[in-house]
């Protein structure tokens, strides 16, 4: 089964982080939650999250995907950490998928993986960034090659379901979605 890295920084959006981790684990995907530092992470609304490990302990592992939750100042904290950029660049270069929601597509842009890509994000998160060929699309989730982006907390379930489909197939996505009892 696929292995996904979810790096957590202080100030991350807890609704996005927990939704991503929970739904991927429901699908049987191995999720490694890594804090930028040792110890608990205090999310943007004060929720305390306990990572499985630290980024230093998994920095050299191979991952099928890296998924970044957004939120502020979590996105800025992820973006300031060069280890995050290094992992994103390696995973993307090796032909695997990178994904980000809310403000976190900014981290993908700064890591240099959005060139020529269609993307979405929280409104204004990508303003002021110059990325050759990047096209902003105002939709819930955008998948363009090995990049998946989404808009914000309200799109976290759809974002996670798209990730499940990419990693485990449409049948597994439908199985997880059915269990959520979302109104259609």
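Selection of region 124-134 for residues being under 21 Å from residue 163 (Cβ atoms) and loosely packed, with under 13 Cβ neighbours inside 10 Å yields an empty set. Among the conditions (1) touching a helix residue (DSSP H, G or I) at 6+ places or on another chain (Cβ under 8 Å); (2) closer than 21 Å to residue 158 by Cβ, the only one that residue 10 does not satisfy is (2).
Pick from region 39-62 the residues that are out of contact with any strand residue (DSSP E or B) (no Cβ under 6 Å at 6 or more places or on another chain) and part of a helix (DSSP H, G or I): which of them is farthest from residue 73 (Cα to Cα)? Looking at residues that are out of contact with any strand residue (DSSP E or B) (no Cβ under 6 Å at 6 or more places or on another chain) and part of a helix (DSSP H, G or I), I get 57. Consider region 153-184 and keep the residues that are touching a strand residue (DSSP E or B) at 6+ places or on another chain (Cβ under 7 Å) and closer than 19 Å to residue 104 by Cα. The one that is surrounded by the fewest Cβ atoms within 10 Å (Cβ to Cβ) is 158. Of all residues in region 90-112, those that are within 14 Å of the chain's Cα centre (by Cα) and outside any strand (DSSP E or B) total 12.
Answer yes or no: is there a residue in region 113-120 that is exposed (fewer than 15 other Cβ atoms within 10 Å of the Cβ) and in a loop (DSSP other than H, G, I, E, B). Within region 113-120 (the criterion being exposed (fewer than 15 other Cβ atoms within 10 Å of the Cβ) and in a loop (DSSP other than H, G, I, E, B)), the answer is yes, since at least one residue qualifies.
The set of residues in region 1-32 that are out of contact with any strand residue (DSSP E or B) (no Cβ under 8 Å at 6 or more places or on another chain) and outside any loop (DSSP other than H, G, I, E, B) comprises 15, 19, 22, 23, 26. In a loop (DSSP other than H, G, I, E, B), surrounded by 14 or more Cβ atoms within 10 Å (Cβ to Cβ) and modelled with pLDDT of 95 or more: does that describe residue 72? Answer is yes for this residue. In the set (1) modelled with pLDDT of 95 or more; (2) within 24 Å of residue 76 (Cβ to Cβ); (3) outside any strand (DSSP E or B); (4) touching a helix residue (DSSP H, G or I) at 6+ places or on another chain (Cβ under 8 Å), residue 131 fails one condition alone, (1).
The values are calculated or read from the model by the stated rules, or taken from the named source; none is laboratory data. Since this is a predicted model, take the numbers as computed values, not measurements. Note: ideal-geometry Cβ built from the backbone for every residue, glycine included; neighbour counts use all protein chains shown.
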